[in-house]
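The structure appears below as structure tokens.
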Amino acid sequence: MTFHTKDTARLRNSFQALALAAALSTGVLGPAAPAVAQTQVLNVQDADIRAFIQDVARSTGRTFIIDPRVKGTVSVASDGPLSKGELFEVFLATLRSNGYIAIPTGPTSYRIEPAENAARGPSAGRSGFVTEVFRLRTIDAAGAAEMIKPLVGPQGVVTANPRGNTVVVADYADNVRRIRGLIGQIDQDRAQVQTVTLKYSSAGEIARVLNDLTTAPGADGKGGRGAVAIVPVESSNSIVLRGDADAIARLIPIITDLDRRAQSNADIQVIFLKHANAEELLPVLQQLVGQQVAAPTGGKTTVEAAPVAALTPGSQHANLARYPGANALIISADPETQRMLAEVIRQLDVRREQVLVEAIVVEVSDGTAQRLGVQTILGGGNGNVPFAATNYSNTGPNILALTGAIVGENNLPADSPLLAQLRDAAVSSLLNSNGALGAITGTLNGDTLFGFIINAVREDNSSKLLSTPHVLTLDNREASILVGQEIPITTGEVLGDGNANPFRTVQRQDIGIKLTVTPQINAGGGITLHLRQEVSAIAGTVTTNNPELILNKRVVETTAVIGDGEIVVLAGLLQQDESISLERTPLLSDVPLLGELFKSRAREGKRTNLMIFLRPRIIRNDEDARAVTGPRYELLRQQPAFSNKDGSNDLDTVVIDQLGAQPPNVPPPPPPVAPPK
């Protein structure tokens, strides 16, 4: 029976007729008869969608919950009978074409609502809206998602998960089935792997050429990388190709041709170094091939000109030289030896890491001195009174020098050379004295001279030395820094017979803060430091009569393993010296009370505290170098001596004008503003 319905009543009559036919077929209204499929031919034109949903619910026995937003009319036409299951499938397709979806809420119940929220709802069965996760094996999740997006419906969602290499697809069930079949076809590893062993060329060099060739625009007609993966194997001098079979077949003849052409050019090869030093690398390579290396002369290594038999198995001859002007190595050898040497050079010619070694030297010294001395003199000018005097070395001034000058003034002519010497000795003795001086002089009976000099002094002095030397050097390369002076030290003196042709030999010696270090970066991040730290200064002369210099020196020479950026104490010294001296006149100094006039006491004490701290830091790249340079430049830049009243900075000016560079951590000046038109 065929129904042509144009309104709700006629639509309901058509489904009632369908129910009547089903009842007749089951024998409810008549005797039993053979089972007949419940079928119906639909031809619905502009029917209200809510009435259409009600009639489908009555015919299929399902319950539908209709969202208030479900409105409109539907049209359905069929040219053949439909079973109950086919009717439900047509019903779902009709809802989808009108922008609605039936979402299951129970075994036979559904909620009908707009399809715009379908991706966030539960799965709607095999004919409704479903969500499925595809785990990929060979292709990339992001690329697969980009390929699938055009295939899903307007309400569909495609999400890539690169971490798990999965793709989540939410769409209608029939479309998801089609996407599943498409992914199964493309998610297959059809790549071919092939190994090509080279005879004359280097695997690394050929691999670089092939990578440049395949990444060039329009390479292999595909315009980019991805068709073939090229991996050099230096240990076997081979190249592994993985990718499309046709693309690999096009690359193999190129590899064979390049390897064949290298055979005719294998006698001499020039390698330009990027980071290593040719002078340092040359002796290492010469030892590998058995070439004789002469002893270094004048800081340079000389090489025997005649080639010798190489140590490499199967090699003929090998000879190496360097060209200092371009920091290049010249290799004359057979292809196998050249390949071996080129691989060694490739591994050694890398950018080396640097180490910044910072030291803090702190030395605090406190000294005290106490002196109390009495010097006396008694003498007669006519020789009737014997001469007597007390003079001590730990006090001053020298009473004999003063007395000699006084006697000379009274008894020697004014132009006498001896008088001049006596005057100089007296003045020098007074200038070298310190503390409080008291003197009593006079004559007895007009020609007997007597005198007393009392000297009392207490000295308190303290000094502080704080220095922060730091030096930047390459890994395994010695570096040193010296901040100090170069002073002359007498090493020999010859006066000759009768003081004829005298001469003196002098040697210059460095004093100050000196740091010498050789760092070695370990695999675990620690740094092994071979270090020598020296702190030296002039302490003064040996004695007043001996002008030779005394040098105070603190030296630390050690090897230590320190973590990157860690601060450790490298050495320490706490020294305390105290000396007490007593000079006196025998017998007279033993007299109670009066004996103090014939004594001179001196007491000196000194305490020194020295500590040396060290901090090494690894500089791996330019960013680390800028991080170290910037704060130190800014610290110096903030000094008042470089700042001007107009806001400019003399240090920045020198860097910009003389070096032509932008100062660290200083923003560039803003571009000039064009005047308004």
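A few notes on this one:
- Other residues within the sphere of radius under 10 Å centred on the Cβ of ILE618, judged by their own Cβ, net out at -2 (K and R +1, D and E -1).
- Residue order for LYS464, LYS514 - accessible surface, 1.4 angstrom probe, largest first: LYS464, LYS514
- Straightening the chain between VAL196 and ILE254 buys 19.7 nm, computed as 0.36 nm per residue apart minus the Cα-Cα spacing.
- With kT/(6 pi eta Rh) evaluated at 20 °C and eta = 1.002 mPa s, and Rh the Kirkwood radius from Cα pairs, segment 149-220 diffuses with a coefficient of 130 µm²/s according to Stokes-Einstein.
- Qualifying GluC sites (Glu not before Pro) in segment 566-666, DSSP loop, other Cβ atoms within 10 Å at most 14: GLU566
- Positive dipole terminus of segment 497-578, leading residue within LEU574, ILE538, PHE503 (C-beta point charges): PHE503
- FRET efficiency, 1/(1 + (r/R0)^6) with R0 41 Å, evaluated for VAL555 and ALA661 via beta carbons: 0.60
- For segment 520-616, a simple Cβ point-charge model (Lys and Arg +1, Asp and Glu -1, everything else neutral) yields a dipole of about 100 debye relative to the Cα centre.
- Each label was represented as a point 7 Å from its Cα along the Cα-to-Cβ direction; for ARG626 and ASP244 these points are 4.2 nm apart.
- Relative contact order for segment 152-262, counting Cα pairs under 8 Å that sit 6 or more residues apart, in percent: 24 percent
The values are calculated or read from the model by the stated rules, or taken from the named source; none is laboratory data. All values reported here derive from a predicted model rather than from experimental measurement. All Cβ positions, even for glycine, are placed from backbone atoms using ideal geometry, and neighbour counts span all protein chains on display. Ligands, DNA and RNA are excluded from the accessible area calculation, which covers all protein heavy atoms including side chains. Shrake-Rupley method; radii C 1.70, N 1.55, O 1.52, S 1.80 Å.
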